[in-house]
Amino acid sequence: MDAYLSGYSGLLNAPTGSGKTFALFLPFLADFINKHPDTYTHQSNNGLLMLWITPLRALTNDIKKAMREVCDEIGLPWRIMTRTGDTPASEKQALKRKLPEVLLTTPESLHLMLAQKEYPKMFQHLQVVVIDEWHELLGTKRGVQVELGLSRLKAMCAVGSSQFAVNNNPELPTANCQLKIWGISATIGNLEEASDVLLGNDFPPDRVTMVRANIEKKLVIKSVIPENIESYSWAGHIGLKLLPQVMEIVAKSKTTLIFTNTRSMAEIWYHAILDNYPEYAGIMAMHHGSLDNELRNWVEQALHAEALKVVVCTSSLDLGVDFRPVDTVVQVGSPKGVARFMQRAGRSGHGPGEISKAWFVPTHSLELLEGAALKEGIKAGIFESRDPLLLTMDVLIQYMVTLAVSDGFRADELFKEVKTTFAFADLKRSEFNQLLDFITNGGKTLAQYDEFLKVEVENGLFKVNNRRVAMRHRLSIGTITSDVSIRVKWLSGGSLGTIEESFISKLKPGNNFWFAGRSLEFVRIKEMTAYVRKSNAKKGMIPSWMGGRMPLSSQLSAVFRDKLDEVAHGIAKDEEVVALKPLFALQAEISHLPQSHEFLIESFKSREGHHLLFYPFEGRLVHEGMASLLAYRLSKIKPASFSIAMNDYGFELLTEEDIPIEQALEDADFFSIDNLIEDIQHSLNANETARRRFRDIAHIGGLVFTGYPGQPVKGRHLQASTSLLFEVFSEYEPDNLLVRQAYNEALAFQLEEFRLRAALQRIVKQNIILKTIDRPTPFAFPIMVDSLGRERLTTEPLEERIAKMARQYGAEAAGALVTNRAPRNEARKPGVRRRKGF
């Protein structure tokens, strides 16, 4: 309260459920009432005073309700409205006629507002902008959108600024200079940097503060321990064997949220509960981002009304929504990060002084050790950082066209404004000029194609005059990219939600699949809508969505290795580790249990070929890059073709011929970071990896149009178009900023090059333990099974192959495997082939 009333801006950090919304809304109200003591209860046209930006549309309704209750309590006749992608067109038109005092919106909708004519009028009375759940936006292109939007709002509040009278119209208003900017964030590892990114590099340091709540959130975390660890799966990622134990927890709780990491897993768990516990029909629901908005709203309202006993959900319920009836959270599978687990656990006991209760359900044996690491990480306050994105040119191109669509912009003024953001502080004027040339003339290669000449220059004003270009751009604003979505509807009418085109394309009329908790029969597809009817089939395909698995965070990886060290020294006391003793004993008997100063490599021969298994415990993406890198360095010693498999704990190199690993280990350069980038580019098909990243960049940057509402362009056409553009730029414009960005993103996000470099530096200092074994160890078996990926819930041939592996290698625990794998992400480079299976 004091910080806000004293005129400060900054970041508010407090535990989930401690009243962060009221902590900023109440000081805002107090400030207004203090300035208008005699008239604050009068209905008047105050204009837009507070802009509240949230990352999820689902949050706006809950926050709106809380704000409405406060205003009604004190007799403040304010309008509080939302503007998101779900807002009806009639309400959007009403917003244009008269703005509310408080507007709740998303980053995309903020930019849509900036794309309207004479938009400065909307913000002329704006006093404060609040960015909710800033930690979720930081490190994403949506976060960069927020940075750019704030830079414009701050510029409009500059005293005496005339830059917004771009049409030589001096009557366009100049906003006040008292704009406050506040972010709300859960605990992350780089809070100070998060504040710097939010406010930009032009904010007066003496007007910035950090408010941290001195509240210790009470959190009780327990793991569901399998009764017989030897018979529990060594690999997998469903965990349905523990369903009876989970349902015992649900029965003892008032309301439970069961979090899964993917939408496919949510569908599978919902289906399994309904099949095995039919008494929960009617008091159970599902919630994920692909379900129809009307259904999601119903679930949220039912939670508030205490009408549901259990909800199976994904990250769609991670943030901010206040469900007081929820007293228990169940996390199925490792959340792969300490902060993410803390966030989800806070959905229970959501209130000051309440106790949050969370259960961790491992989907395979080794994940139990991750459960112990999660508890240790929370206890020690080890939280992941969210690294901000820099120089995302595709987002900047979209933003420039957005401003050109509305009232236009002047180059010099916009360059200075953009440079105030953290994301573009290092932007060179030559790069900015290249982007200007790109949106006006198509750059060096696209000048002959009218569709790329979007912006015109009139007396120094960059403006879009073509109505068709303006309309298509407004439809494309945003940085969330995914496969083309197909709406799923009943033949009789009514929508269930959306499924990606890649899944629907595999179905034939009469095929059954499970979606939105229902068994459906696919009838036909027409005008990008899949029509279905109810089915009585008990089995069917489960939709898969892009995104797949999350990699283990670097912080959780480090704690995981520490826990493994405790096991090796015999000092571990966690219940999870105690339960895993038989598995670790078997690992030590067959091979070796590595300590923190050791790096384990296992080698054995089978009829499939020669296997090498490495255990960095650094996460799937790092292992993908390291596997390809080491395969390349081995091939320089002896030419060979490698097949690669990996999980979060290690990776495997398989070749038909003997691998000269002893000779490689004698070479000091084998794990060296010297020539790392060059070797990565040789080991992977760098062009193909960058090409995949370029698809999203081209979409965000407006190089391709994804279609009109209800008439999206087919995914294969978009893929062909972006691939062609990538080839043209690569050949004729090698200095193209978007192509350069694609290569940089491939290294940063696809391979986590920074973590890979740090992991190699750590391994160089460790003792290398090379063990020759005669069968897969508990550490090795999950990696080998991971290579048998498939997309269906049950596939008999796969289970037979796993059982065959178990019989072949004598791995008793393998019989308990339950899997539902996304396709593997393997290096495709001459000399690296895809595993065919066992």
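The values are calculated or read from the model by the stated rules, or taken from the named source; none is laboratory data. Values in this document were obtained by computation on a predicted structure and should not be read as measured data. Glycine also receives a Cβ, built like all others from the backbone with ideal geometry; neighbour counts cover every protein chain displayed. Areas reflect the complete protein model, heavy atoms only, side chains present, ligands, DNA and RNA absent. Shrake-Rupley method; radii C 1.70, N 1.55, O 1.52, S 1.80 Å.
Local charge sum around Ala281 (other residues, Cβ-Cβ under 11 Å, Lys/Arg +1, Asp/Glu -1)?
On the way: positive: Lys309; negative: Asp275, Glu279.
My count for the surroundings of Ala281 gives -1.
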For this session: Could I get the Rg over Rh figure for the chain? Both from C-alpha atoms, Rh via Kirkwood, rounded to two places.
Result: 0.96
Exercise. Roughly how many Å² of Ile283 are accessible to a 1.4 Å probe, to the nearest 10?
Worked result: 60 Å²
Seminar exercise, completed: Restricting to lysines and to Cα separations under 19 Å from Lys539, and discarding same-chain partners fewer than 8 apart, the set is Lys241, Lys506, Lys508
Exercise. Which ³J(HN,Hα) values in Hz, rounded to whole numbers, follow from the phi angles of region 84-90 under the Karplus curve 6.51 cos²θ - 1.76 cosθ + 1.60, where θ = phi - 60° and Gly and Pro get x?
Worked result: 9, x, 8, 5, x, 4, 5
Problem set entry | C-alpha long axis of helix 429-441 to longest principal axis of the chain, angle in ° | 80 degrees
Problem set entry | Restricting region 566-648 to trypsin sites (Lys or Arg not before Pro) in coil, as DSSP defines it, with at most 14 other Cβ within 10 Å | Lys573, Arg607
Seminar exercise, completed: In region 480-545, the GluC sites (Glu not before Pro) that sit in a DSSP loop and have at most 11 other Cβ atoms within 10 Å of their own Cβ are Glu527
Exercise. Counting DSSP beta bridges in region 464-545, what percent are antiparallel, to the nearest 5?
Worked result: 75 percent
For this session: Compute the convex hull volume of the Cα atoms of region 218-311, divide it by the residue count, and report the result per residue in Å³ as a whole number.
Result: 129 Å³
For this session: Show that you can apply the helix-only estimate: for the chain, add -39,500 (n - 2.57) for every DSSP H stretch of four or more residues, divide by all residues, and state [θ] at 222 nm to the nearest 500.
Result: -12000 deg cm²/dmol
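Accessible area per residue, 1.4 Å probe, Å², for the chain: what's the number?
On the way: 34010 Å² over 838 residues.
Heavy-atom accessible area per residue stands at 41 Å².
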Exercise. Any idea what angle helix 57-74 forms with the longest principal axis of the chain, computed on alpha-carbon atoms, 0 to 90 degrees, nearest 10?
Worked result: 50 degrees
Exercise. Angle, helix 367-380 long axis vs. longest principal axis of the chain, Cα atoms, 0 to 90°, nearest 10?
Worked result: 50 degrees
Problem set entry | Cleavage-rule hits (GluC sites (Glu not before Pro)) in region 92-138: DSSP loop, at most 15 neighbouring Cβ within 10 angstrom | Glu118
Exercise. Over the chain, what relative contact order in percent results from Cα pairs under 8 Å that are six or more residues apart?
Worked result: 13 percent
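Considering only the other residues whose Cβ falls under 12 Å of the Cβ of Val224, what net charge follows from Lys and Arg at +1 and Asp and Glu at -1?
Values: positive: Lys222, Lys241; negative: Glu227, Glu248, Glu367, Glu575, Glu576.
So the surrounding residues net to -3.
By DSSP, what percent of the beta bridges with both residues in the chain are antiparallel, rounded to the nearest 5?
On the way: 39 of 100 bridges.
DSSP beta bridges in the chain are roughly 40 percent antiparallel.
Order Tyr732, Tyr531, Tyr280, Tyr449 by their accessible area, 1.4 angstrom probe, all chains in place, largest first. The partial results should precede the final answer.
Values: Tyr732 150, Tyr531 55, Tyr280 25, Tyr449 125 Å².
Descending accessible area places them as Tyr732, Tyr449, Tyr531, Tyr280.
Would you work out the Kirkwood radius for region 438-501? I mean one over the mean of 1/r across all pairs of different Cα atoms, in Å. Walk me through the intermediate numbers first.
Details: mean 1/r = 0.0669 Å⁻¹.
Result for region 438-501, one decimal place: 14.9 Å.
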Seminar exercise, completed: Rounded to one decimal in Å, the inverse mean reciprocal Cα-Cα distance for region 246-286, i.e. its Kirkwood radius, is 10.8 Å
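Could you please state how large a percent of the accessible area of region 245-291 is carbon and sulfur, counting protein chains only and using a 1.4 Å probe? Intermediate values should be presented prior to the final figure.
Values: 750 of 1550 Å².
The C+S portion of the solvent-accessible surface of region 245-291 is 48 percent.
Considering only the other residues whose Cβ falls under 13 Å of the Cβ of Asp658, what net charge follows from Lys and Arg at +1 and Asp and Glu at -1?
Values: positive: Lys605, Lys638; negative: Glu656, Glu657, Glu662.
Spelling it out: positives minus negatives among the neighbours equals -1.
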Seminar exercise, completed: Computed on Cα atoms, the radius of gyration and Dmax of region 545-623 in angstrom are 14.7, 42
